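Asks: Please find one structure pasted underneath; my questions will follow.
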Protein chains: 2
Amino acid sequence: MCIVQTQHDDLALETANAYTQYRDALVRSGHLIPTGVPGVYGRGGDFERVITAFDNLVTRAGAELNPTVMRFPPIFNRAHYEQIDHISNFPDLMGSVHTFMGGDKEHRDMLAKFERREDWTNHLTPARVMMTPAICYPLYPSLTGTQLPEGGRRVDLQGFAFRHEPSEDPARMQIFRMREQVRIGDPSTVRSFRDRWIGRARALLSSLGLPAEPAPANDPFFGRGGKLLATNQRRQELKYELVLPICSVERPTALMSFNYHQDHFGEVFGIRTAEGEVAHTACVGFGLERIALALFKTHGCVPSAWPAEVRRRLGL
Amino acid sequence: MCIVQTQHDDLALETANAYTQYRDALVRSGHLIPTGVPGVYGRGGDFERVITAFDNLVTRAGAELNPTVMRFPPIFNRAHYEQIDHISNFPDLMGSVHTFMGGDKEHRDMLAKFERREDWTNHLTPARVMMTPAICYPLYPSLTGTQLPEGGRRVDLQGFAFRHEPSEDPARMQIFRMREQVRIGDPSTVRSFRDRWIGRARALLSSLGLPAEPAPANDPFFGRGGKLLATNQRRQELKYELVLPICSVERPTALMSFNYHQDHFGEVFGIRTAEGEVAHTACVGFGLERIALALFKTHGCVPSAWPAEVRRRLGL
């Protein structure tokens, strides 16, 4: 069973227990396949069918907006990474990809260390890529120095993001997929796109039996300096989430986020509107694994036993 | 146009030129989106539709075998990586994921280096993951210490693999998707599964206008010692490919590979057959980006203008 009993009288302990219980239920039913690293899982066939079905539902929900479809891979140009302040704001979440670039002699030295069980990774060199930290990040550099058409652009993205935050919570994975709708244009267009999607996405989740609620939010900025950034982000209402309890009522899970970046990416990558102003950007992100986890938690472990209306909506 | 003119009189130069010309044609038509790193591309909507259509065709082609569907992410447990000899055989292809685990003070030190444009990556620590080097590698450790049911197992995989081999050839990407059919069992079952798939896959590609030919092959083992391993692999007929010219007749591209691992993974991860013997494994891999590139090269840039029979087979 994916629906596990939780008690609500001793919440601090129960939240941790609820994570473990739900994760174990997902593993027993084959939806998640442990890899030995917290937050890194294989996915079973039924889990993937639910992800694909929901992904297709988002396509239908956004089709009238006629976005340009692009898909970026899980790795990201290091030079672009170094332009976007991630190293200042979220260094603890980064994934830097390193490789071996030596010859036979250096290889022998590295293998000798490996065989002595010493740290062999200091023989490695940074590759020209980082793990993709957020799936819309590769989009903006691809528009470097461009001027948008009249009315700006709409782009549809999907892909894997990496965040180094090992956790027992099955909804906090280190590698997970986001589906995103991005708007690039003038500030009012971008902001109203984001705000309209809050209602549209809420209705979409609600139609699947997931009554997610909007909540102002902030990103997990690093360190002492990060507190001020988080406060500013909230004060300016730059980030909203749609949250729903999965394992804990007190600590509901964000299934989606709605982010207004102001002119951050437009400025860094020299993207201009048709009118010649610095472009503003916003993204609307569906957390695909989290939404699947919420569906399994709400409706049970076996998709064929889900309510008929939910199955019909998803085409399952 | 995706079909570019190539001359066949000066082959050494023409191969390099053909790579660049084909890549540029793919970029102009929006199928590949440059990221500034050789071999790392975003994919356009039509390119992705072709990948999805072909992926669905493989599902139908293999459905009668009723495989267990599993999907592993682009990152892979470092402890498992260290068990499989990749560091000996293919160190130059590896991707090791590193992250920042310090506090505020260490962060200030790293940022100071970053701002002075010095190498800041020596402040990083290896994370517990590597890039997934081949998409069936995560499967075998997930079966550690198990005994297979009677008749063994069939598993269906799809996912991203990373190989650090920057190239101008659009068919040699650093990050790409493989669809795989894996067989685990006794040697004769496993070997005949692999061999039967050579014919089945050849017919499948041929039905799409891709007359790929089988060829014995070897993996690109590293260094001087690697030459012997490659020779042995060919002598034992452990690896076949289905190859087709994309940019060069003399250097055709492998669209698929068929690999018999003997008892390598069964031994390392303690996987046993129902009869108690060490399990043998084989994998059949479809290179999804390469197959899409071959389709665009053969039939042209615009899928809606492809031959009716090809579109019908793919459901495009």
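The values are calculated or read from the model by the stated rules, or taken from the named source; none is laboratory data. The structure presented is a predicted model; accordingly, all values stated were derived computationally and were not measured. Because the Cβ atoms are built from the backbone with ideal geometry, glycine has one as well, and the counts that use them run over all protein chains shown. Just the protein is used for accessible areas: all its heavy atoms, side chains included, with ligands, DNA and RNA removed. Shrake-Rupley method; radii C 1.70, N 1.55, O 1.52, S 1.80 Å.
Asks: Considering only the range A:137-180, state which residues are under 26 Å from B:SER96 (Cβ atoms) and among the aromatic types (Phe, Trp, Tyr).
Replies: Residues satisfying the conditions are A:TYR137, A:PHE160, A:PHE162, A:PHE176.
Asks: Considering only residues that are among the β-branched types (Val, Ile, Thr) and touching a residue at least 40 places away in the same chain (Cβ under 8 Å), look in the range A:271-298 and name the one that is most open to solvent (accessible area, probe 1.4 Å). So that I can check it myself, show each step before the final result.
Replies: If we filter the range A:271-298 for residues that are among the β-branched types (Val, Ile, Thr), which is where we start, we get A:271, A:273, A:278, A:281, A:284, A:291, A:298.
Retained after the next criterion (residues that are touching a residue at least 40 places away in the same chain (Cβ under 8 Å)): A:271, A:273, A:281, A:284, A:291, A:298.
Values: A:ILE271: 1, A:THR273: 7, A:THR281: 0, A:VAL284: 0, A:ILE291: 1, A:THR298: 62 Å².
This residue is A:THR298.
Asks: In the range B:63-84, how many are in contact with a helix residue (DSSP H, G or I) (Cβ under 8 Å, 6 or more places away or on another chain), of a type outside the set (Lys, Arg) and in contact (Cβ under 8 Å) with a residue 60 or more places away in the chain?
Replies: Step one: list which residues in the range B:63-84 are in contact with a helix residue (DSSP H, G or I) (Cβ under 8 Å, 6 or more places away or on another chain), which gives B:68-72, B:77, B:80-84.
Now drop any that are not of a type outside the set (Lys, Arg), which leaves B:68-70, B:72, B:77, B:80-84.
Then drop every residue that is not in contact (Cβ under 8 Å) with a residue 60 or more places away in the chain, which leaves B:68-70, B:72, B:77, B:80, B:83-84.
Of the residues in the range B:63-84, 8 are in contact with a helix residue (DSSP H, G or I) (Cβ under 8 Å, 6 or more places away or on another chain), of a type outside the set (Lys, Arg) and in contact (Cβ under 8 Å) with a residue 60 or more places away in the chain.
Asks: Which residue pairs have Cβ atoms closer than 7 Å, lie 6 or more positions apart in sequence or on different chains, and pair a first residue in the range B:226-246 that is closer than 23 Å to B:PRO91 by Cβ and touching a residue at least 40 places away in the same chain (Cβ under 8 Å) with a second residue that is open to solvent by less than 50 Å² (accessible area, probe 1.4 Å) and not in a helix (DSSP H, G or I)?
Replies: B:LEU229/B:PHE221
Listed here are the residues, each with its yes/no results for (1) among the hydrophobic types (A, V, I, L, M, F, W, C); (2) in contact with a strand residue (DSSP E or B) (Cβ under 9 Å, 6 or more places away or on another chain); (3) at pLDDT 95 or above.
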{"position": "B:THR125", "(1), (2), (3)": "no, yes, yes"}
{"position": "B:MET131", "(1), (2), (3)": "yes, yes, yes"}
{"position": "B:PRO138", "(1), (2), (3)": "no, yes, yes"}
{"position": "B:GLN158", "(1), (2), (3)": "no, yes, yes"}
{"position": "B:GLU168", "(1), (2), (3)": "no, no, no"}
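Asks: Checking A:PRO138 against (1) within 30 Å of A:ALA282 (Cα to Cα); (2) open to solvent by less than 50 Å² (accessible area, probe 1.4 Å); (3) touching a helix residue (DSSP H, G or I) at 6+ places or on another chain (Cβ under 6 Å), which test does it fail?
Replies: For A:PRO138, the exception is condition (3).
Asks: Could you please give the count of residues in the range B:255-281 that are touching a strand residue (DSSP E or B) at 6+ places or on another chain (Cβ under 8 Å) and of a type in the set (D, E, K, R)?
Replies: Residues in the range B:255-281 being touching a strand residue (DSSP E or B) at 6+ places or on another chain (Cβ under 8 Å) and of a type in the set (D, E, K, R): 3 in total.
Asks: So, one more: Being farther than 24 Å from A:ASP55 by Cα and over 20 Å from the mean Cα position of the chain (by Cα) is the filter; apply it to the range A:195-225 and report the residue that is surrounded by the most Cβ atoms within 10 Å (Cβ to Cβ).
Replies: A:GLY223
Asks: A further question follows. In this structure, is A:GLN181 surrounded by fewer than 15 Cβ atoms within 10 Å (Cβ to Cβ), in the same structural domain as A:THR68 (by TED's automatic domain parsing) and not acidic (Asp, Glu)?
Replies: Considered against the rule, which asks whether it is surrounded by fewer than 15 Cβ atoms within 10 Å (Cβ to Cβ), in the same structural domain as A:THR68 (by TED's automatic domain parsing) and not acidic (Asp, Glu), A:GLN181 comes out as no.
Asks: Restricting attention to helices (runs of 4 or more DSSP H) lying wholly within the range B:1-117, give those where 1 or more residues are at pLDDT 95 or above, in contact with a Gly (Cβ under 9 Å, 6 or more places away or on another chain) and outside the structural domain of B:ARG183 (by TED's automatic domain parsing). Don't jump to the end; show me each part of the working.
Replies: Values: elements: B:11-28, B:45-62, B:78-81, B:86-89, B:104-115.
Qualifying helices (runs of 4 or more DSSP H): B:104-115.
Asks: Just checking, does the range B:99-118 include any residue being open to solvent by less than 50 Å² (accessible area, probe 1.4 Å) and in contact (Cβ under 8 Å) with a residue 24 or more places away in the chain?
Replies: The answer is yes, given that some residue of the range B:99-118 is open to solvent by less than 50 Å² (accessible area, probe 1.4 Å) and in contact (Cβ under 8 Å) with a residue 24 or more places away in the chain.
Asks: Something else: Residues of the range A:69-100 being facing another protein chain (nearest Cβ under 7 Å) and either β-branched (Val, Ile, Thr) or touching an Asp or Glu at 6+ places or on another chain (Cβ under 8 Å) (or both), which ones?
Replies: Passing the criteria: A:VAL69, A:MET70, A:ARG71, A:ILE75, A:ILE87, A:ASP92, A:VAL97, A:THR99, A:PHE100.
Asks: While we're here: Of the numbered conditions (1) surrounded by fewer than 18 Cβ atoms within 10 Å (Cβ to Cβ); (2) in a loop (DSSP other than H, G, I, E, B), B:CYS301 satisfies every one except a single condition; which is it?
Replies: Of (1) surrounded by fewer than 18 Cβ atoms within 10 Å (Cβ to Cβ); (2) in a loop (DSSP other than H, G, I, E, B), only one is false for B:CYS301: (1).
Asks: Here's a follow-up. Within the range B:261-270, does at least one residue satisfy the condition of being open to solvent by less than 30 Å² (accessible area, probe 1.4 Å), among the polar types (S, T, N, Q) and outside any loop (DSSP other than H, G, I, E, B)?
Replies: The answer is no, given that none of the residues of the range B:261-270 is open to solvent by less than 30 Å² (accessible area, probe 1.4 Å), among the polar types (S, T, N, Q) and outside any loop (DSSP other than H, G, I, E, B).
Asks: Can I ask one more? State all residues of the range B:106-153 that are among the aromatic types (Phe, Trp, Tyr) and within 9 Å of chain A (Cβ to nearest Cβ); if no residue qualifies, say none.
Replies: B:PHE114, B:TRP120
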